[in-house]
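Peer 1: Provided herewith is a single structure, encoded as structure tokens, for subsequent inquiry.
Since every read-out is calculated from the coordinates, none of them should be taken as a lab result. In this text, all values refer to a predicted model and were calculated from it rather than measured experimentally. Cβ: placed from backbone, ideal geometry, glycine included. Neighbour counts: every protein chain shown.
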Amino acid sequence: MSSVMHARSLLIASLLLIGCDAAESSREPAQAPSLQSVPSTQATADAAGVNKVLDPAGFSDARVRTAYEAARKYAHVLEDIYCYCRCKENLGHRALVECFETDHASHCDVCMNEAVIAARMTQEGRTPKEIQKAIDAYYAG
């Protein structure tokens, strides 16, 4: 019985490490970044300064709408957040905000969770650097 539970735990851990829908990218997924080597997301804002996050009203699922509302309101914060679904490596995204510029995030629990965490922490007065540190710690263990 314990070997079955151990196998289940390994399967769940493996699935979590894979990240979002692997079918979205034809490239092999890269190894998970170590916390010391999280890729930089220091991206310049869109040249026109336009918020490209999709309209939350376009989604019927309340959880998805909530995440897109958070992303729309705090897009400037999400520009500085690395997304642990590995979309930067697999899809070429510049930062978490880009997941919400398409319907990608609507299919990805990692993206939605990070956006909601970032919104809550921003409301608490935390900086993007503090938010990234909290997200790094969450995914470290």
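Peer 1: Can you compute 3J(HN,Hα) from phi for each residue in segment 63-76, using the Karplus curve 6.51 cos²θ - 1.76 cosθ + 1.60 with θ = phi - 60°, rounded to whole Hz and x for Gly and Pro?
Peer 2: 5, 5, 4, 4, 5, 5, 5, 4, 5, 5, 5, 10, 4, 5
Peer 1: When 1/r is averaged over all different Cα pairs and the result inverted, which Kirkwood radius in Å belongs to segment 56-132? Show your work: numbers first, answer last.
Peer 2: Working: mean 1/r = 0.0830 Å⁻¹.
Over segment 56-132, the inverse of the mean reciprocal pair distance is 12.0 Å.
Peer 1: In nm, to one decimal, how far is the Asp109 label point from the Arg65 one, both placed 7 Å along Cα→Cβ?
Peer 2: Result: 2.2 nm between the two label points.
Peer 1: Please give the FRET efficiency for Val50 paired with Ala137, using the beta carbon to beta carbon distance and R0 = 25 Å, rounded to the nearest 0.05.
Peer 2: On the way: r = 32 Å, r/R0 = 1.29.
The pair Val50/Ala137 has a calculated efficiency of 0.20.
Peer 1: Which lysines does Lys129 reach when only Cα atoms under 17 Å apart count, and residues fewer than 8 places away in its own chain are ignored?
Peer 2: none
Peer 1: If you don't mind, there's one more thing I want to ask. For Glu114, Glu69, what ranking results if the residue with the fewest other Cβ atoms within 10 Å of its Cβ goes first? Each step should come with its number before you reach the end.
Peer 2: Details: Glu114 28, Glu69 19.
Listing Glu114, Glu69 from fewest to most nearby Cβ atoms yields Glu69, Glu114.
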